[in-house]
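Read the structure below first, then the notes.
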Amino acid sequence: MARILSILVGLFFTVALAWSFGKGAYTQITEPPAVTAEHVFHLTPKEVHFASDGPFGKFDRQQLQRGFQVYKEVCAACHSLSHVAFRDLAQLGYNEAEVKAIAAGFQVPGTDPNTGEANMRPGTPTDYFPKPFANDIAARAANNNAIPPDLSLITKARHEGPAYVYSLLTGFQTQPAELLKQFPDAKTPNGLHYNPYFANLNLAMPPPLTSEGQVQYGDGTKATVDQMAKDVAAFLVWTAEPKLEQRKQTGWTVLSFLLFATILGYMSYRNIWVDKKH
């Protein structure tokens, strides 16, 4: 009896699944979704390459420092790095004194040791990058009702993350006339900015990188908009996965061991077991 009941239950779920799939397929064929401006004009990220790409890739420390400079001087006004501590910057090649100086340039929440009241104090290497806004309400008020995302993990949170960040920063443009011709109601609302690399084509963030030389690089690199976008994208690859190089090195070590163990196992089989009769 129990076997028959289990068969009937399984058959019921099989029929229900088949009916659901068939209904969905029929609806898709007979009532296809309306074509929107997003479907037609949304672009995939541009092709861009970084030193950390590939199985043998390594971070370009000089580029990471340039990217951090772009973040600090341009992006930090709106975007946080809540998963990154100031002391982590030592991995970019900064010495202890430089890390302390960078941390001291930020104000972080603290407590007055005399009164116990909350206050703001200069950061120390053990502190994490502070949020630029006190709360979400303040963030929305300053950004056309949008909350700027934390950038710590942005290159892992978005499909083709590094290329997405680079494309978004270099993709601001005037809304094409062809879009308005095909979709008259898709005009970019006031206060938003057209960018074909953003999912719905319009975002509250204005172009953050607007002109050459907006950031003065200390290493003499020409700070074009394209260069600054690529540098900060590379920096955000590091913030999302600071152990990237170690992970790759560990991976190659493990693969080498597995290859050696496989060869050793095969040779043992050939020498010990191949002539054994079953």
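The values are calculated or read from the model by the stated rules, or taken from the named source; none is laboratory data. What you see is a predicted model; the values in this text were computed from it and never measured. FYI the Cβ positions are ideal-geometry reconstructions off the backbone, even for glycines, and counts take in every protein chain you see.
Does region 146-159 contain any residue that is in contact with a His (Cβ under 9 Å, 6 or more places away or on another chain), outside any loop (DSSP other than H, G, I, E, B), hydroxyl-bearing (Ser, Thr, Tyr) and surrounded by 11 or more Cβ atoms within 10 Å (Cβ to Cβ)? It would help to see each step written out before you state the result.
If we filter region 146-159 for residues that are in contact with a His (Cβ under 9 Å, 6 or more places away or on another chain), which is where we start, we get 148-154.
From what's left, outside any loop (DSSP other than H, G, I, E, B): 154.
With hydroxyl-bearing (Ser, Thr, Tyr) added as a condition, the list becomes none.
Looking for residues that are in contact with a His (Cβ under 9 Å, 6 or more places away or on another chain), outside any loop (DSSP other than H, G, I, E, B), hydroxyl-bearing (Ser, Thr, Tyr) and surrounded by 11 or more Cβ atoms within 10 Å (Cβ to Cβ), one finds none in region 146-159, hence no.
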Problem - Restricting region 160-179 to residues that are under 18 Å from residue 207 (Cα atoms) and not in a helix (DSSP H, G or I), the residue that is farthest from the chain's Cα centre (by Cα) - result: 176
Handout entry: Pair list, Cβ under 9 Å, 6 or more apart: region 108-123 residue closer than 27 Å to residue 77 by Cβ and in contact (Cβ under 8 Å) with a residue 12 or more places away in the chain, other residue surrounded by fewer than 11 Cβ atoms within 10 Å (Cβ to Cβ) and among the hydrophobic types (A, V, I, L, M, F, W, C)
Key = 109/118
Completion exercise
Going through region 187-206 in order, the residues found to be hydrophobic (A, V, I, L, M, F, W, C), out of contact with any strand residue (DSSP E or B) (no Cβ under 9 Å at 6 or more places or on another chain) and surrounded by 14 or more Cβ atoms within 10 Å (Cβ to Cβ) are 198
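Does region 240-273 hold any residues that are of a type in the set (Gly, Ala, Ser), within 29 Å of residue 156 (Cα to Cα) and out of contact with any Lys or Arg (no Cβ under 6 Å at 6 or more places or on another chain), and which are they?
Of all residues in region 240-273, those of a type in the set (Gly, Ala, Ser) come to 240, 251, 256, 261, 265, 268.
If we keep only those that are within 29 Å of residue 156 (Cα to Cα) too, we end up with 240, 251, 256.
Once the filter is applied, which keeps residues that are of a type in the set (Gly, Ala, Ser), within 29 Å of residue 156 (Cα to Cα) and out of contact with any Lys or Arg (no Cβ under 6 Å at 6 or more places or on another chain), region 240-273 yields 251, 256.
Taking helices (runs of 4 or more DSSP H) that do not extend beyond region 2-75, which have at least 1 residues that are at pLDDT below 80 and surrounded by 10 or more Cβ atoms within 10 Å (Cβ to Cβ)? Outline the logic, then answer.
Numbers: elements: 2-30, 37-41, 61-73.
In region 2-75, 2-30, 37-41 are the helices (runs of 4 or more DSSP H) which contain 1 or more residues that are at pLDDT below 80 and surrounded by 10 or more Cβ atoms within 10 Å (Cβ to Cβ).
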Exercise for the section: Examine region 186-193 for a residue that is modelled with pLDDT under 90 and either touching a helix residue (DSSP H, G or I) at 6+ places or on another chain (Cβ under 8 Å) or in a strand (DSSP E or B) (or both), and state whether such a residue exists. Expected result: yes
Exercise for the section: Scan region 127-145 for residues that are surrounded by 15 or more Cβ atoms within 10 Å (Cβ to Cβ) and more than 17 Å from residue 208 (Cα to Cα) and jot them down. Expected result: 127, 128, 129, 130, 131, 133, 140
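Only one residue in 99, 74 is on the phi < 0 side of the Ramachandran plot and out of contact with any Phe, Trp or Tyr (no Cβ under 9 Å at 6 or more places or on another chain), so which one is that?
Working: 99 fails: out of contact with any Phe, Trp or Tyr (no Cβ under 9 Å at 6 or more places or on another chain).
The conditions single out 74.
Given the residues 51, 77, 103, which is the only one that is hydrophobic (A, V, I, L, M, F, W, C), closer than 30 Å to residue 255 by Cβ and touching a residue at least 24 places away in the same chain (Cβ under 8 Å)? Break it down into steps so the answer makes sense when it comes.
On the way: 77 fails: closer than 30 Å to residue 255 by Cβ; 103 fails: closer than 30 Å to residue 255 by Cβ.
Exactly one of 51, 77, 103 is hydrophobic (A, V, I, L, M, F, W, C), closer than 30 Å to residue 255 by Cβ and touching a residue at least 24 places away in the same chain (Cβ under 8 Å), namely 51.
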Problem - Those residues of region 199-225 which are in contact (Cβ under 8 Å) with a residue 60 or more places away in the chain, closer than 22 Å to residue 141 by Cβ and among the hydrophobic types (A, V, I, L, M, F, W, C), in sequence order - result: 204, 205
Exercise for the section: Please tell me if residue 204 is under 30 Å from residue 145 (Cβ atoms) and either polar (S, T, N, Q) or within 17 Å of the chain's Cα centre (by Cα) (or both). Expected result: no
